[in-house]
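Values in this text are rule-based calculations from the coordinates and carry no lab data. Nothing here was measured: the structure is a model prediction, and the numbers come from that model. Quick reminder, even Gly has a Cβ in these numbers, built from the backbone with ideal geometry, and neighbours come from all protein chains shown.
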Amino acid sequence: MHTFSRRLAQTTLVTALASASFAQAQTVLSVSTWLPQTHAASVAQKDWCDAVEKETQGSVKCNILPKAVSAPPGTFDAVRDGLADVSFTVDGYTPGRFINTQVAEFPFLGDSSTTTSVAYQRIYSKYFAPLGEHRGVKVLAVFTHGPGIIFTVKEPVASAADVAKLKFRIGGGNINELAKVMGWNTTLKPATDSFELLSTGVMDGTFFPDESLQSMRLSMVKYATTFPGGLYNTSFVFMMNEAKYKALKPEEKAAVDKVSGEAAARLFGQGWDRVDAASREIQQKTGVTRQPASEAFISEVKHKQAALEDKWVAAAEAKGLKNARTVLAEFRAEIAKVK
């Protein structure tokens, strides 16, 4: 009996030590999202977490926080400062801070989040990452949402003049600059403010990709004006706290790198495309009236955008990007090539 008790105690001790060793060896990443947990970007972030856990055989896993550690505009700094280990944000939520990323926000880029996101990741890795505009965090990937659309509540818009009569929420970036030169009445607000702004009548409409009608519960929207390749796009950065990344073991870093970059850009893009498509079906059933922008409307946007592209080329080159106009042309060509 004494021998049995001693062996049992030894076994218990070994098990406890092994458990303690496992707990010590395991890295837990705190993951924050300011969008609903069911949103395409939040789901893609969780899918990335699952891929990391699988690739590291459980030595790295995520703890998805029940609420965001910061309002959307403060997310970059929150990850940089370690309030969360992993999150994503919109570059344009902090106007003037990021220059190179504006290239992914121009009109008429593409009709798929996947193709635009993967092409953007390739251009980012090749040209933008070495310039360190996102210094302070470990960039895991960059991506964009689907093509931007004009949504309105009470009346459709068929021309630039129609838009000028109404008030709109926008998310920042190039669309903010385009709205100014078009003479539109817009207010820069995070996506999460849209329901309140539209339901109370403070705003007459919003600029969004298709999926946002469902994810932001915008059932009051009745009209949509679409543009080939989108009126605008939005640049997102998916990131990790730099110190947390550096503290990973070499094999864990390799695993994180494997599921990041283009793989993560495609993950976010495919998720967004799926919900965009689902939203279009719902809009058809709920009676949202969709109309394509006229050639005159498109031409007016192109004319105003040309000056903004010149402005971006000058600003990007002043920040160290060489041959910015060539980079923009390469980006557009890359979008056309992505499968």
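Quick rundown of the values:
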| item | result |
| --- | --- |
| Chain lengthening between Lys154 and Ala278 when straightened (0.36 nm per residue, less Cα-Cα) | 42.3 nm |
| Dimensions (Å) - segment 238-339, Cα atoms, principal axes, largest first | 56, 44, 25 |
| Crossing angle, helix 262-286 versus the chain [Cα axis fit, 0-90 degrees, rounded to tens] | 50 degrees |
| Mean residue ellipticity (222 nm) of the chain, computed from DSSP H runs ≥ 4 via -39,500 (n - 2.57), nearest 500 | -14500 deg cm²/dmol |
| Lys54 versus Lys339: modelled label distance in nm, points set 7 Å from Cα along the beta carbon direction | 2.2 nm |
| Estimated translational D of the chain in µm²/s (Stokes, Kirkwood radius over Cα pairs; 25 °C; 0.890 mPa s) | 115 µm²/s |
| Whole-number D in µm²/s for segment 29-116 (Stokes-Einstein; Kirkwood sum over Cα pairs; 4 °C, 1.567 mPa s) | 89 µm²/s |
| Principal-axis tilt of helix 324-337 within the chain, Cα atoms, nearest 10 degrees | 80 degrees |
| Overall form of segment 184-270 per C-alpha gyration tensor (a/c, 1.5; a/b vs b/c) | prolate |
| Per-residue Cβ neighbour rank within 10 angstrom, fewest leading, Val313, Val28 | Val28, Val313 |
| Leading residue at positive end of dipole, segment 108-230 (Cβ point charges), from Ala161, Ala191, Val139 | Val139 |
| Under 28 Å from the Cα of Lys222 - lysines, other chains or at least 8 residues apart | Lys154, Lys165, Lys167, Lys180, Lys189, Lys285, Lys302, Lys304 |
| C-alpha long axis of helix 2-25 to longest principal axis of the chain, angle in ° | 30 degrees |
| Candidates Ser194, Ser32, Ser279, ranked by Gaussian network fluctuation over the chain, Cα under 10 Å, top entry | Ser279 |
